[in-house]
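Notes follow once the structure below has been shown.
The values are calculated or read from the model by the stated rules, or taken from the named source; none is laboratory data. As the structure is a prediction and not an experimental result, all values here were calculated from the model. Here the Cβ positions follow ideal geometry from the backbone for every residue, glycine too, while neighbour counts run over all protein chains shown. All accessible areas refer to the heavy atoms of the entire protein, side chains included, with ligands and DNA or RNA removed. Shrake-Rupley method; radii C 1.70, N 1.55, O 1.52, S 1.80 Å.
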Amino acid sequence: MDGLERRDKIMEVLNENTQAITGTQMAKMFKVSRQVIVQDVALLRAQGVEIISTSEGYRIYKVKADTFKRVFCVKHPQDAIEDELYIVVDNGGLLLNTIVSHLAYGEISVDMHLSSRRQVNDFLIRTLSKDFVPLMALTKGDHYHTVEATSEKILDVIENELRQKGYLVEE
């Protein structure tokens, strides 16, 4: 199978699955290295395909017509990450990403796509059990989250809870 065929098959796999699929899983499917999959995904993205990388693997991001997005600027200690993420998902938000604005590197964005406590817990288990350094450490705690929800009211509730906890940075 050549690269073009493999990329077509990768698209089929991603479009048919609602769950994320790791590069390692796809590498086994197509009998190539994980690095080949990473390169294929980069090529697909360059062609405009909305493939996101989450801590659980790759997925196609399907834009929902009836959703609203808001970017929250937040700051808190590392031990408040769990609480911050729970505020978003417990109130019906989908945490799309974490963004930091670094003086030397510019904007760094990492796809998260967390919408439930289970996903938050899985993320925390994978990251906090290692020598995890969160992105916010690069900017002394300042970071942004893009949150998607089915209504502005849900985003207002999330914003108010972040503000009450002292996590929201008023710009």
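Quick rundown of the values:
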{"read-out": "Residues of the range 57-76 that turn out to be open to solvent by 80 Å² or more (accessible area, probe 1.4 Å) and assigned to a strand (DSSP E or B), as a count", "value": "3"}
{"read-out": "Selection count where residues are over 16 Å from Thr150 (Cα atoms), open to solvent by 60 Å² or more (accessible area, probe 1.4 Å) and modelled with pLDDT of 85 or more, scope the range 77-117", "value": "3"}
{"read-out": "All positions within the range 1-12 that are at pLDDT 90 or above and touching a Phe, Trp or Tyr at 6+ places or on another chain (Cβ under 9 Å)", "value": "Arg6, Lys9, Ile10"}
{"read-out": "Tally of residues being touching a residue at least 12 places away in the same chain (Cβ under 8 Å) and either open to solvent by less than 70 Å² (accessible area, probe 1.4 Å) or among the charged types (D, E, K, R) (or both) across the range 1-23", "value": "13"}
